Amino acid sequence: MTATDPALTTLAHSWCALTVLHQRIEGRIERALQAGHRLSVREYSLLEVLSRQHDGEGGHLQMKDLATAVVLSQSATTRLVSRLEDRGLLSRYLCPTDRRGIYTDVTAEGLELLRQARPTNTAALRAALDEAAGDPHTAPLAAAVERLPDIPVRDDRSSPAPVTPSAAEAPVPGARPARRYRRARPTRTGVLSRLAARRRTPSAAR
């Protein structure tokens, strides 16, 4: 198989179309979120993922899983969390059983901003996919995104608050109850982000 093989050419064109679609969707959502809510796509994604945490079995994310969910390095995710914490949208606290562990929650202000931003994100995504459907180069990929199955999300934040522990059971001051973790599943735009990110790695170049 040579570099001019039709199969390789088709694959390269398909990959290019996927990259174009991702950039168009992300760009449109970025502009809408920045204009309406002073949020970037990454910041919105981070708030969205963290808002799905709950106090039940396997209900919290470790930082490395959070980084995977938003398609960033762990160090970049930590900086992103710090930026949102400075805005009062996130809060961090120490694990009561492991002082090396730091957990992150969305504050009431963060949840309210996320509630306001969700319709903006959905409308921008809808507009970007409709536009892509009219372009013969990206129409098949836009149709494929439309056919992706919905990912079930468990959200127990509406559950009653846990009973306050007794003095003997109370955690260290300033700490929160220990939680177990689950891995986050990426959203539709997260899937596109991950595929596009691979294009920039050395292994993908080969």
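Throughout, read-outs are computed from the coordinates displayed, never taken from laboratory work. Quantities reported herein were computed from a predicted structural model and do not represent experimental measurements. So basically every Cβ, Gly included, is an ideal-geometry build from the backbone, and we count neighbours across all protein chains shown.
At R0 = 22 Å, how high is the FRET efficiency between D135 and S40 if r is their beta carbon distance? Nearest 0.05 is fine.
So, using R0 = 22 Å, E works out to roughly 0.30.
Full extension from L11 to T122: what is 0.36 nm times the residue separation minus their Cα-Cα distance, to one decimal in nm?
37.0 nm
For the residue pair V20 and E146, what label-to-label distance in nm results when each label sits 7 Å from Cα along the Cα-to-beta-carbon direction?
According to this spin-label approximation, the distance is 1.8 nm.
If you rank D86, D150, D135 by fewest surrounding Cβ atoms within 10 Å, what's the result?
Least crowded to most crowded, the residues run D150, D86, D135.
Quick one: E146, E30, fewest Cβ neighbours within 10 Å first, how do they rank?
E146, E30
Considering amide H positions built from the backbone, and no H for Pro or chain starts, which residues 5 or more places from L90, or on another chain, come under 5 Å of its amide H?
E85, T107
In which sequence would I25, I102 go, from the one with the fewest C-beta neighbours within 10 Å to the one with the most?
Ranked by crowding around the Cβ, least crowded first: I102, I25.
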